[in-house]
Amino acid sequence: MPFARKTSRDPARHFVTLTDLSHANWQVTTEMEKLGLWSEELDDIDVYLVAISYSCYGWFEPDGHIYIPAVTGANLHDLILGHHTRLTDVLRHEWAHALADRESDLTDSKRFTRSFGGSYDLLEPVCSYDPEHHLTLYAATSPCEDFAETFHFYLRHKGRLPQRLAYKPKLIRKWEFVEWMANKISQRS
């Protein structure tokens, strides 16, 4: 039998297994470590596979853990539209929230506010979506989500600013904040 390649219309790509989650989490935490974004404060955070979520791909809870649903309304919506959201990208985003929680002295800084237009705890948009200011539509919802989306792209691109962003000063400032954060964390280790 020939090798069956999974496509974006393949329902299996829209359901998360424990094996998928373990592999993706290992990949993301390795990326964080290589880029200087892992700190001892993250060692006690666990990532759990939960059964279902009607709206989101995953979340970081105040209990200090990340939760990823096996089935989500968002993934089913993606399936219908022929899209696919990478599990590694979801984890990159959620690990950003975990890091912000554990390294709050960095995300509570004036540098964060200057970079993202508001404090990490501000739960409303600073401005409407603008591709010169935001990497994604979701990034425009609040400074904390803007940070998490920037962090996720930073990890995905191994810390190298994509050429398409090289002429967008507001995005460069956010990228530089993540670099600064990595430097601060690395200096503590």
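Since every read-out is calculated from the coordinates, none of them should be taken as a lab result. These numbers were taken from a predicted model, which means no experiment stands behind them. Here the Cβ positions follow ideal geometry from the backbone for every residue, glycine too, while neighbour counts run over all protein chains shown.
If contacts are Cα pairs under 8 angstrom and at least 6 residues apart, what is the relative contact order of the chain in percent?
Details: 260 pairs, mean separation 37.9, N = 189.
The normalised contact order for the chain reaches 20 percent.
Taking the Cα centre of the chain as origin and charging only Cβ (+1 Lys, Arg; -1 Asp, Glu), how large is the dipole, in debye to the nearest 20?
1040
Can you work out D for segment 11-188 in µm² s⁻¹ from Stokes-Einstein, where Rh is the Kirkwood radius over C-alpha pairs, the temperature is 4 °C and the viscosity is 1.567 mPa s? List each step's numbers first, then the result.
On the way: Rh = 16.6 Å.
This corresponds to a translational diffusion coefficient of 78 µm²/s.
Report the extension gain between residue 33 and residue 52 in nm, rounded to one decimal, defined as 0.36 nm multiplied by the number of residues separating them, less their alpha carbon distance. Write out the running numbers ahead of the final one.
Values: separation 19, 0.36 × 19 = 6.84 nm, distance 2.96 nm.
Length gained between residue 33 and residue 52: 3.9 nm.
Tally Lys and Arg at +1 and Asp and Glu at -1 over the other residues with C-beta under 10 Å from the C-beta of residue 67: what net charge comes out?
Numbers: positive: none; negative: 46, 61, 63, 94.
With Lys, Arg at +1 and Asp, Glu at -1, the neighbours total -4.
Excluding residues on the same chain fewer than 8 positions from residue 110, give the lysines whose Cα lies under 27 Å from its Cα.
Partners found: 34, 158, 168, 170, 174, 184.
Go through segment 52-66 residue by residue and turn each phi into a ³J(HN,Hα) via Karplus (6.51, -1.76, 1.60, θ = phi - 60°); whole Hz please, and just put x for glycine and proline.
Running phi through 6.51 cos²θ - 1.76 cosθ + 1.60 with θ = phi - 60° gives 8, 9, 7, 10, 10, 7, x, 7, 9, 9, x, 6, x, 10, 9 Hz.
What ranking, highest mean first, results for peptides 15-28, 51-64 when packing means the other Cβ atoms within 10 Å averaged over each residue? Mind dumping the intermediate values first?
Numbers: 15-28: 15.6, 51-64: 13.8.
Highest-to-lowest ranking by the protection proxy: 15-28, 51-64.
Suppose each label sits 7 Å from its Cα in the direction of the beta carbon; what would the residue 164-residue 111 distance come out to in nanometres?
Using points 7 Å along Cα→Cβ, the separation is 2.8 nm.
Using alpha carbon centroids, what distance separates segment 90-113 and segment 23-42, in Å?
Using only Cα atoms, the two centres lie 14 Å from each other.
Between helix 169-188 and the chain, what is the angle of the helix's C-alpha long axis to the longest principal axis, kept within 0 to 90° and rounded to the nearest 10?
Tilt relative to the chain: about 90 degrees.
Among residues other than residue 137 whose Cβ falls under 13 Å from its Cβ, what is the net charge (Lys/Arg +1, Asp/Glu -1)? Please report the intermediate quantities before stating the final value.
Working: positive: none; negative: 130, 145, 146, 149.
Local net charge: -4.
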